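Undergrad: Following this message is one structure expressed as structure tokens.
The values are calculated or read from the model by the stated rules, or taken from the named source; none is laboratory data. Values in this document were obtained by computation on a predicted structure and should not be read as measured data. We place every Cβ from the backbone using ideal geometry, glycine too, and count neighbours over all the protein chains shown.
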Amino acid sequence: MNSNEIWNCDTPVTDLLGIDVPAWVDSEIDPATIAAIIQGGCASGAYMPAVTYAQALRIMADHGDDVLEYLEDLHGEIPAPPAGASWSGMACHYLAYAVEMWAAGVYTTLEDHEPETAEA
């Protein structure tokens, strides 16, 4: 897909390419949302579940071990939290970071995908 196609596609990536979406990411996430995450990060408002305290706390309560394991697998260790972060702030920090890293990998897959064209 080219950049314009990614930005204009609202088909969930699971339906589009069968991409496995982790339980800590909305299963209906689409290429346009992934492009927005890549452009501005979760904190830009591109992916609110990762930056809204109540949502991030709930997701981390249910899937925090998986999120931290994902980050540890990427870096060999869990990155340090921001200095002085509250529990809610830490939930947002780690979830947003994991979502952004996952989105980066999916974005590369989307860029490499050639869209199907209708045959005449």
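Undergrad: Can you give me the number of residues within the stretch 37-51 that are assigned to a helix (DSSP H, G or I) and free of Cβ contacts under 8 Å to residues at least 24 places away in the same chain?
TA: Filtering the stretch 37-51 down to residues assigned to a helix (DSSP H, G or I) leaves 37-40, 42-44, 48-50.
With free of Cβ contacts under 8 Å to residues at least 24 places away in the same chain added as a condition, the list becomes 39-40, 44, 48.
Final tally of qualifying residues: 4.
Undergrad: Quick one: is THR14 touching a Phe, Trp or Tyr at 6+ places or on another chain (Cβ under 7 Å) and either in a helix (DSSP H, G or I) or modelled with pLDDT under 95 (or both)? Working first, answer last.
TA: On the way: touching a Phe, Trp or Tyr at 6+ places or on another chain (Cβ under 7 Å): no; either in a helix (DSSP H, G or I) or modelled with pLDDT under 95 (or both): yes.
Criteria not met by THR14.
Undergrad: Going through the stretch 1-47 one residue at a time, which ones are hydrophobic (A, V, I, L, M, F, W, C) and loosely packed, with under 12 Cβ neighbours inside 10 Å? Step through it out loud before you land on a result.
TA: So in the stretch 1-47, the residues hydrophobic (A, V, I, L, M, F, W, C) come out as 1, 6-7, 9, 13, 16-17, 19, 21, 23-25, 29, 32, 34-38, 42-43, 46.
Selection gives ALA23 alone.
Undergrad: Looking at GLY84, GLY89, GLY105, GLY64, can you tell me which residue is under 25 Å from MET1 (Cα atoms) and either part of a helix (DSSP H, G or I) or over 14 Å from the mean Cα position of the chain (by Cα) (or both)? So that I can check it myself, show each step before the final result.
TA: Working: GLY84 fails: under 25 Å from MET1 (Cα atoms); GLY89 fails: under 25 Å from MET1 (Cα atoms); GLY64 fails: under 25 Å from MET1 (Cα atoms).
After ruling out the rest, the residue left standing is GLY105.
Undergrad: Right, here's the next one. Determine which single condition ALA61 fails, assuming it passes every other condition in (1) under 14 Å from LEU95 (Cα atoms); (2) crowded, with 17+ Cβ neighbours inside 10 Å.
TA: Only one criterion is unmet by ALA61, namely (2).
Undergrad: Additional query: ASP112 versus (1) within 18 Å of THR11 (Cα to Cα); (2) modelled with pLDDT of 95 or more: which is the lone unmet condition?
TA: (2) is the only condition that ASP112 fails.
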